[in-house]
1. Once you have a ≥ b ≥ c as the square roots of the Cα gyration tensor eigenvalues for the stretch 38-114, tell me rounded if a/c is under 1.5, and otherwise prolate or oblate according to whether a/b is larger than b/c.
2. Determine the percent antiparallel among the DSSP beta bridges restricted to the stretch 449-586, to the nearest 5.
3. As I understand it, the value is the acute angle between the Cα axis of helix 330-349 and the longest principal axis of the Cα atoms of the chain; what does it come to in degrees, rounded to 10?
4. So if I restrict to the alpha-carbon atoms in the stretch 1-156, what is the Rg, and what is Dmax, the biggest pairwise distance, in Å?
5. To test your reading of the geometry: what angle, between 0 and 90 degrees and rounded to tens, separates the Cα axis of helix 574-586 from the longest principal axis of the chain?
6. In whole angstrom, how far apart do the alpha carbon centroids of the stretch 303-370 and the stretch 32-99 sit?
7. If you rank 209, 253, 339 by fewest surrounding Cβ atoms within 10 Å, what's the result?
8. Find the centroid of the Cα atoms in the stretch 134-151 and in the stretch 498-571, then give the distance between the two in whole Å.
Ligand SMILES: Cc1cc2nc3c(=O)[nH]c(=O)nc-3n(C[C@H](O)[C@H](O)[C@H](O)COP(=O)(O)OP(=O)(O)OC[C@H]3O[C@@H](n4cnc5c(N)ncnc54)[C@H](O)[C@@H]3O)c2cc1C
């Protein structure tokens, strides 16, 4: 065994969550070592949809532009659609069943644009991970070691000692203050006594990464996901769905595609050699030329880690929560876990925070994951509701289902009623495709937050309507401001390890309060005075409508752009009030 070396943070796992963690720590000036047992990044397309919150985090780290330029154009991801088949000349073939707005496209575009400086993105993990790796490796603070596996670790009062094995079979040890498990629950969680609780193995979904020219059969370019439901296929998950995978275009001319279809985990009939014929059958293109690159399977499950922390080790990403990809909350949550944890680890490593700041990671992120794991399973299952809305009966003969389809597509009163019913039913799937509030409206009700006793805004039960608020625990609302002639989002003024205090035209006293708090706690506290006489101009008056505080009030934003505390008006002693809030957040 070679000599041990030391680092403040060891990250185990170089998937989307681990690589994000490495990038975020480097941006905060904290050294880290990342070990990934595979020699390279993922061979599977997997996650592709990046919601607005993840894109805001990427914007903070200079990653938004490369993601947008390498991924889907907005016009190629603003809808999802259901069809009977892609090709074929039968009476029920090539019918568009329904198309709905998705991911901030169509009629939702203005609302999404109002609520964030960033549109949603779409870049398959296959292409995102190399970008993240490149970015992580660029920092001299990060040592990113692919082909290195963590094989054991032990903790004592002052740190963690991990044994790492290289591809050549040599081992070395890393001594770290903290260990971040981004290993999908493979190695570290079980040793910490963490159980992944919840239903698992419900359905086996087979995802095939293929190359094929589907452009002659497609005449619309706006859907990101195309579902096929036909009498023979057996419904949405049974029939299948296709998603363009680029690499250069994500419209009908996409070179690569992923085809998903599900079957029972114990189905003895399933044979991977049948994948290509099954895809041809699904699309009704018997002579389709296609190359199958990889066939992968994932079990539908909805599991949550029983705890997020064991001593100095913490779990993030799929090591903490796993659920179906419906609503795209998997990788997105992993990125957001890392973002929540990074500034806390940085504060701990620098000695600026107490232990309770590390505990706040679980207090804040686990309730979000609990909701997400249930939500993703619910939106997965809701596809069966769509099948029922179409009139499909589970286990019915193809003839019976064909009759249901024919009735649905028929001219006349009955067909109209069936179509109207279907449209109402299918709209319930906005819980997956327009989950605007799930994506940016989540909030922390305990943890590193000082509440002000106000109730949370109402939450739309279908997860689609977001209510911006500066209430502590919530994500800072986005508004466009102008500073020095530059148009900036409120979010552009936050991040990079700083606390930021937003105040109004009569809030000059907060500057001295912020300077005193920064000196006392050793953390940077920026101040932005928005309004006449301040450094920022609220050109459109949007911020004034969102801030929920007076001209002399203040909003303290944490480094992760969540509000930590607010004062509706100036207290008699602003410096003391701010110091008390910051002290509580940092656990000091
Ligand atoms: C078909 C499909 C579509 C999806 N679509 C979306 C989507 O659109 N949006 C979304 O947000 N999510 C989506 N997801 C979910 C998403 O892919 C996962 O949530 C995400 O990949 C989890 O990232 P991670 O970094 O936590 O884990 P992983 O990507 O699994 O990475 C864990 C890494 O840890 C490494 N590792 C494990 N043990 C060790 C060890 N002992 N030493 C060193 N390294 C180790 C592994 O090799 C692996 O590389 C989808 C998933 C699937 C299957």
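None of the figures in this text is laboratory data; all of them are computed from the coordinates on show. Note that the structure is predicted; figures quoted are calculated from it, not measured. Quick reminder, even Gly has a Cβ in these numbers, built from the backbone with ideal geometry, and neighbours come from all protein chains shown.
1. Working: a/c = 3.51, a/b = 1.52, b/c = 2.31.
Oblate shape, in that a/c is at least 1.5 and b/c is the bigger or equal ratio.
2. Details: 15 of 21 bridges.
Here the antiparallel bridges make up roughly 70 percent for the stretch 449-586.
3. The helix 330-349 is inclined about 10 degrees to the chain.
4. Final numbers for Rg and Dmax: 20.3, 71 Å.
5. That works out to roughly 50 degrees.
6. Here the answer is 24 Å between Cα centres.
7. Working: 209 21, 253 13, 339 26.
So the residues, fewest neighbours to most, are 253, 209, 339.
8. 37 Å
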